[in-house]
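Below is one structure; the comments refer to it alone.
The values are calculated or read from the model by the stated rules, or taken from the named source; none is laboratory data. The structure displayed is predicted, hence computed values, not measured ones. So basically every Cβ, Gly included, is an ideal-geometry build from the backbone, and we count neighbours across all protein chains shown. All accessible areas refer to the heavy atoms of the entire protein, side chains included, with ligands and DNA or RNA removed. Shrake-Rupley method; radii C 1.70, N 1.55, O 1.52, S 1.80 Å.
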Amino acid sequence: GRLSLQQMRDRYPGLVEKLSSHPAIGLVAARDNRGIFLIGKDGWRILDAQGGRVDGAGLDPLASYADDRLDSRALAAQIRTYLKVQESGDLEVFAPYIDGRTVDFNHSYTLASEHGGLGGEQTHPFIMFDPARTPVQPERIKDARDLYWIFKSLRGA
């Protein structure tokens with residue numbers, strides 16, 4: 001089964017705080033009976049089932065990941081969807097996003113991009129299509145799930 005944030009804190013005192021304050025971590029996401037907790041270095045938020053803010057203090061942990069196409073609410077919805085996946089962890093850790101790039105502290109190899117990261121272009125789903133063959137409304141594509149029906153319709157074309 002899954003551990004809630006409170007169970008994690010009870011079993012491993014200080015772990016969540018140490019993770020969220022580490023320079024290589026931008027935010028930690030966890031579930032609890034009140035919703036999804038997003039914990040950053042300088043603030044936290046609780047999101048309800050729809051990704052809206054329920055409570056919080058300090059700076060929004062998603063603020064540095066937002067841009068002109070996806071605001072904190074849209075990013076929160078993506079995290080909420082991700083945490084619904086059965087295989088997602090009790091704690092999900094996201095790298096920091098600073099000055100237009102995901103910070104990579106691994107010096108053995110450098111990542112050109114990441115799968116499942118937040119911030120910048122990696123956050124935006126995309127598709128190349130022929131508008132004459134496929135009726136696509138790009139402004140309605142918010143995450144990878146929105147691409148499923150497009151690809152499914154192309155299979156039948």
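Numbers for the structure displayed
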{"item": "Any hit, the stretch 110-127, residues being at pLDDT 70 or above and open to solvent by 100 Å² or more (accessible area, probe 1.4 Å)", "result": "no"}
{"item": "Evaluation of Glu92 against (1) under 27 Å from Arg140 (Cβ atoms); (2) open to solvent by less than 80 Å² (accessible area, probe 1.4 Å); (3) free of Cβ contacts under 8 Å to residues at least 60 places away in the same chain (one fails), failing number", "result": "(3)"}
{"item": "Filter pass, Ile39 being more than 24 Å from Arg145 (Cβ to Cβ) and open to solvent by less than 20 Å² (accessible area, probe 1.4 Å)", "result": "yes"}
{"item": "Tally of residues being touching an Asp or Glu at 6+ places or on another chain (Cβ under 9 Å) and either more than 16 Å from Gly40 (Cβ to Cβ) or in a loop (DSSP other than H, G, I, E, B) (or both) across the stretch 55-66", "result": "4"}
{"item": "Flag for Ile25 being open to solvent by less than 30 Å² (accessible area, probe 1.4 Å), outside any loop (DSSP other than H, G, I, E, B), at pLDDT below 95 and at negative phi", "result": "no"}
{"item": "Where Arg80 falls short, out of the listed (1) outside any loop (DSSP other than H, G, I, E, B); (2) at pLDDT 90 or above; (3) open to solvent by 20 Å² or more (accessible area, probe 1.4 Å)", "result": "(2)"}
{"item": "Checking Arg69 against (1) more than 27 Å from Leu3 (Cβ to Cβ); (2) in a loop (DSSP other than H, G, I, E, B); (3) at pLDDT 75 or above, the condition it does not meet", "result": "(3)"}
